[in-house]
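Shown next, in structure tokens, is the structure this report addresses.
The values are calculated or read from the model by the stated rules, or taken from the named source; none is laboratory data. Predicted model, so just to flag it, every value in this text is computed and none were measured. With ideal geometry, Cβ positions are generated from the backbone for all residues, glycine too; neighbour counts draw on all protein chains shown.
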Amino acid sequence: MRRPFVLTPRPHHRPRRGTPLRALAAVPVLALVVTACGSSAGDDAAAEADTITLATHDSWAMPEEVLDAFRDETGIEVVVQPQGDAGTLTNKLVLTRDNPLADGVYGIDNTFGSRAVDEGVLAPYDAALPEEAEQYRLPGGERELTPVDFGDVCVNYDRTWFEEEGLEPPRSLDDLLDPAYADLFVTPGAATSSPGLAFLLATVAAEGDDWPAYWEALVDNGAKVTAGWSDAYEVDFTAGGGGGDRPLVLSYSSSPPFTVPEGGDEPTTAALLDTCYRQVEYAGVLEGAANPEGMQQLIDFMVGEQFQEALPDNMYVYPVTDVALPEAWAEHAPTAETPYAVDPAEVAANREGWVREWRDLVSR
């Protein structure tokens, strides 16, 4: 998906986050692993059956009481092992597929999902999903990954700055090329950030084969590229708390609720919903897992009401099921009606080449 904001920073992957869906590191919430004393084969097997290891991106921030509820329901303890951002997580799973590092994974997003499936690191599991969540499955009928949450990566703007300057904010990707917004936009990079990659994909979706020309014009108009989301939002963004000088930043449509000042009722920022790229985050069982049945139960729990309701306030992503959103989200964090999208198979085939060309464009 993950994470990123002024009042309650989100450790985004990622963005999310994932950043997030799926950019900041989070302090992982680790469930305690309880094993029986003794060293008999029977004891070891029992301990293994009562424990699962979950590989995640670094934006995992689900509270301990949620995993405690899963343990109380199933008798299974969960050990969470953060493995980096969504891309790093996927790479590690590919490299360790012959000796899987966990029983399952959470946090692979739709920019990397096809690669994980094609590399054979996942075991099929056709989790039961409510009808409203079916739209978030990977295209192609694969059942190795189950959608858990989504986030819209969008340009955000500092409402206060634009009001004080008497300047209308941009509305579209094309508007970012207008000289009126020269030197005002900052974005994390596509080579080092999950939301940055999502923004690159948004420009690919919008411009087709002409996306390099768009980026040349964007750089010529003074766009700044940073290593990660936290640098862009918390340092360079004027509303990020770091005294920055850029009132346009790449973040999430879920960012504005976290800029409502204490005692206020309106956020100081807003998302440009015509600039968004949708990230979907998935969970899956790893091929060769020691406890695949336990991971299947966790996936079922993840698409259940308690886990889904906990996502917005803790992971800063939208649930894929129709659970109630926090009041501030319902009011100040609308999702994009027509987000940009690139077919996951096309992303898998072209991602590395696109990122290489993008890197050349922004470093010239």
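Table: residues versus (1) surrounded by 20 or more Cβ atoms within 10 Å (Cβ to Cβ); (2) of a type in the set (Ser, Thr, Tyr); (3) not in a helix (DSSP H, G or I).
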| position | (1), (2), (3) |
| --- | --- |
| Ala217 | no, no, no |
| Gly240 | yes, no, yes |
| Leu250 | yes, no, yes |
| Gly263 | no, no, yes |
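For (1) over 17 Å from Asp152 (Cβ atoms); (2) in a loop (DSSP other than H, G, I, E, B); (3) outside the structural domain of Ala191 (by TED's automatic domain parsing), each residue gets a yes or a no:
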| position | (1), (2), (3) |
| --- | --- |
| Asp322 | yes, yes, yes |
| Leu325 | no, yes, yes |
| Ala328 | no, no, yes |
| Glu346 | yes, no, no |
| Ala349 | yes, no, no |
| Glu352 | yes, no, no |
| Arg356 | yes, no, no |
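The combined condition, being at pLDDT 95 or above, part of a helix (DSSP H, G or I) and either out of contact with any Pro (no Cβ under 7 Å at 6 or more places or on another chain) or not acidic (Asp, Glu) (or both), is fulfilled by Val204.
Tally time: how many residues in segment 123-172 are polar (S, T, N, Q) and outside the structural domain of Pro256 (by TED's automatic domain parsing)?
We begin by selecting, within segment 123-172, every residue polar (S, T, N, Q); these are 135, 146, 156, 160, 172.
If we keep only those that are outside the structural domain of Pro256 (by TED's automatic domain parsing) as well, we get 135, 146.
Going through segment 123-172 one residue at a time, the tally reaches 2.
Looking at this structure, is Ala191 outside the structural domain of Pro292 (by TED's automatic domain parsing), surrounded by 14 or more Cβ atoms within 10 Å (Cβ to Cβ) and assigned to a loop (DSSP other than H, G, I, E, B)? For Ala191, the condition - outside the structural domain of Pro292 (by TED's automatic domain parsing), surrounded by 14 or more Cβ atoms within 10 Å (Cβ to Cβ) and assigned to a loop (DSSP other than H, G, I, E, B) - is met. Of the residues screened, Thr269 is not one that is farther than 29 Å from Ala55 by Cα and out of contact with any helix residue (DSSP H, G or I) (no Cβ under 7 Å at 6 or more places or on another chain). Applying a threshold of 9 Å to beta carbon distances and a minimum spacing of six or more residues, or different chains, the list of pairs starting in segment 58-71 at a residue that is not assigned by TED's automatic domain parsing to the domain that holds Gly107 and assigned to a helix (DSSP H, G or I) and ending at one that is among the hydrophobic types (A, V, I, L, M, F, W, C) and surrounded by 21 or more Cβ atoms within 10 Å (Cβ to Cβ) is empty.
Return the total of residues in segment 269-320 being part of a loop (DSSP other than H, G, I, E, B) and surrounded by fewer than 19 Cβ atoms within 10 Å (Cβ to Cβ). Give the derivation first.
In the first step, residues of segment 269-320 are kept if they are part of a loop (DSSP other than H, G, I, E, B); the result is 272, 276, 287-291, 303-304, 316-317, 320.
Okay, now just the ones that are also surrounded by fewer than 19 Cβ atoms within 10 Å (Cβ to Cβ), so 287-288, 290, 304.
The qualifying residues number 4.
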